[in-house]
Amino acid sequence: KYLAILSRLHNITLTDSDKAARTLEEELTYVKLYLQMEKLRFEDHLTYSFEIDKNSNTQGLIPNMVLHTFAENAIKHGIKNKKGTGSIIISAANAEAGVLLSVKDNGIGREAAKKYTDSTKQGLVILQQQIDLYNKLNQQKIKLTVEDLKLNDGSAAGTVFSVFIPANYQFNV
């Protein structure tokens with residue numbers, strides 16, 4: 001089972017590595033494979049779900065690896081060191097002439113995660129650089145946000161990574 005998932009994941013990675021963008025459907029397939037692999041690794045320590053608006057244009061283009069980068073960050077920094085079960089929710093919804101994508105986790109939060117890693121945040125840095133480059137070519141801009149979730153007592157309750165991609169956005173560099 002591990003090898004079948006890993007093989008498919010690597011095949012897609014190699015096939016799509018030089019693409020600036022892929023369809024939302026393709027990205028969802030990729031991130032599902034990634035989360036299946038992580039579920040095998042973390043077992044009951046990880047749950048995940050997808051909330052995809054039925055009206056979302058799954059054939060619309062989005063930045064390559066955007067959901068994967070957010071999901072990987074959620075696991076690596078939010079859930080890996082969490083006591084109890086970590087949860088990830090991937091969502092896609094139509095929003096004001098575009099699509100809003102998000103990855104929400106119930107992990108330990110970004111502040112607590114700093115204690116466990118010397119991370120360079122390389123994945124997020126590369127993603128932001130790509131978005132900055134694409135935004136130079138488009139009148140409407142991709143907007144990336146990160147929100148720290150808090151409980152009523154102010155303690156960390158996870159993180160939400162969101163990205164808004166305007167409809168008909170161009171990825172030609």
- Within the stretch 131-147, track down each residue that is over 15 Å from the mean Cα position of the chain (by Cα) and touching a residue at least 24 places away in the same chain (Cβ under 8 Å). Leu133, Tyr134, Leu137, Asn138, Gln140, Lys141
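Residues checked against (1) open to solvent by 50 Å² or more (accessible area, probe 1.4 Å); (2) of a type in the set (S, T, N, Q):
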residue	(1), (2)
Leu101	no, no
Ile108	no, no
Ala112	no, no
Lys115	yes, no
Asn135	no, yes
Gln139	yes, yes
Asn152	yes, yes
Ser155	no, yes
Gly158	no, no
- Query: Which one of the conditions (1) open to solvent by 40 Å² or more (accessible area, probe 1.4 Å); (2) in contact (Cβ under 8 Å) with a residue 24 or more places away in the chain does Tyr169 fail to meet, given that it meets all the rest?
  - Reply: (1)
- Task: Mind listing just one residue for me: the one in the stretch 7-29 that is open to solvent by 60 Å² or more (accessible area, probe 1.4 Å) and in a helix (DSSP H, G or I) and, of those, farthest from Ile62 (Cα to Cα)?
- Result: Ser7
- Item | Enumeration of residues in the stretch 35-68 that are out of contact with any strand residue (DSSP E or B) (no Cβ under 8 Å at 6 or more places or on another chain) and within 22 Å of Ile126 (Cα to Cα) | Met65, His68
- Quick one: is His77 surrounded by 20 or more Cβ atoms within 10 Å (Cβ to Cβ) and touching a Gly at 6+ places or on another chain (Cβ under 8 Å)? yes
- Message: I'd like the full set of residues that are more than 19 Å from the chain's Cα centre (by Cα) and either among the acidic types (Asp, Glu) or modelled with pLDDT of 90 or more (or both), limited to the stretch 112-130.
- Response: Asp118
- Query: Can you tell me which of Ile126, Ile88 is open to solvent by less than 30 Å² (accessible area, probe 1.4 Å) and either touching a residue at least 12 places away in the same chain (Cβ under 8 Å) or assigned to a helix (DSSP H, G or I) (or both)?
  - Reply: Ile88
- Query: Do you know which residues across the stretch 38-66 are loosely packed, with under 15 Cβ neighbours inside 10 Å and within 17 Å of the chain's Cα centre (by Cα)?
  - Reply: Ser49, Phe50, Glu51, Asp53
- Query: Does Ala71 qualify as being open to solvent by less than 30 Å² (accessible area, probe 1.4 Å), closer than 12 Å to Val31 by Cα and within 14 Å of the chain's Cα centre (by Cα)?
  - Reply: yes
- Message: Tell me yes or no: at least one residue of the stretch 21-43 is more than 27 Å from Tyr2 (Cβ to Cβ), touching a residue at least 60 places away in the same chain (Cβ under 8 Å) and in contact with a helix residue (DSSP H, G or I) (Cβ under 8 Å, 6 or more places away or on another chain).
- Response: no
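The values are calculated or read from the model by the stated rules, or taken from the named source; none is laboratory data. Note that the coordinates shown come from a computational prediction; the quantities given were computed from them, not determined experimentally. All Cβ positions, even for glycine, are placed from backbone atoms using ideal geometry, and neighbour counts span all protein chains on display. Surface accessibility is based on the protein's heavy atoms, side chains included, excluding ligands, DNA and RNA. Shrake-Rupley method; radii C 1.70, N 1.55, O 1.52, S 1.80 Å.
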